[in-house]
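To start, the structure itself, in structure tokens.
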Amino acid sequence: MKHWNENDFKHWLYDLRDEDPHLEECAECRSERDRLQMVRARITEQPDLSQDFLAAQRRSIYRRLYEPRHNWFTLRWALPVAMVLVMVFGLTLQRSRRPGANISDEQLFSDLTAIEQSAEPKAIAPMHKLFEE
Ligand SMILES: [Zn+2]
């Protein structure tokens, strides 16, 4: 008779298979069965906890259920508000430091008039160098 394979042992562990005479004849399969039986017993054994420990744990759970929430929970909007304030402050600083923001209207109009009255666009000026003799 052939040895038990992994599926045979798995089925035996879940009570889907009965032991057969091979286990009594074969020392190798019997030792694997005993090893699996010890592992199952170790895994399923009840933890050694005293009744006092469990009662104290239960009291702690009930106490935490009924105690008020921590104060930091009421400040949950503080971080988003602070972030918005920092963004507004940063944008205000950037806008006030932008170059050209202090140009007077007269200066702007004179620059625009100068641009409009020149016959040649400024972008053409570098091309004159190409044709100099
Ligand atoms: Zn065997």
Tell me, which residue of region 1-19 that is in a loop (DSSP other than H, G, I, E, B), open to solvent by 40 Å² or more (accessible area, probe 1.4 Å) and not aliphatic (A, V, I, L, M) is nearest to the ligand (Cβ to nearest atom)?
3
Taking into account only those residues within region 96-114 that are exposed (fewer than 10 other Cβ atoms within 10 Å of the Cβ) and part of a helix (DSSP H, G or I), which is modelled with the highest pLDDT?
106
Does residue 22 fit the bill of being surrounded by 10 or more Cβ atoms within 10 Å (Cβ to Cβ), within 11 Å of the ligand (Cβ to nearest atom) and not in a helix (DSSP H, G or I)?
no
Unique residue being open to solvent by 100 Å² or more (accessible area, probe 1.4 Å), within 16 Å of the ligand (Cβ to nearest atom) and assigned to a helix (DSSP H, G or I) when the list is 35, 42
35
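The values are calculated or read from the model by the stated rules, or taken from the named source; none is laboratory data. Because the structure is predicted, anything quoted here is derived from the model rather than measured. Cβ sites come from the backbone with ideal geometry, for glycine too, and all protein chains shown count toward neighbours. Just the protein is used for accessible areas: all its heavy atoms, side chains included, with ligands, DNA and RNA removed. Shrake-Rupley method; radii C 1.70, N 1.55, O 1.52, S 1.80 Å.
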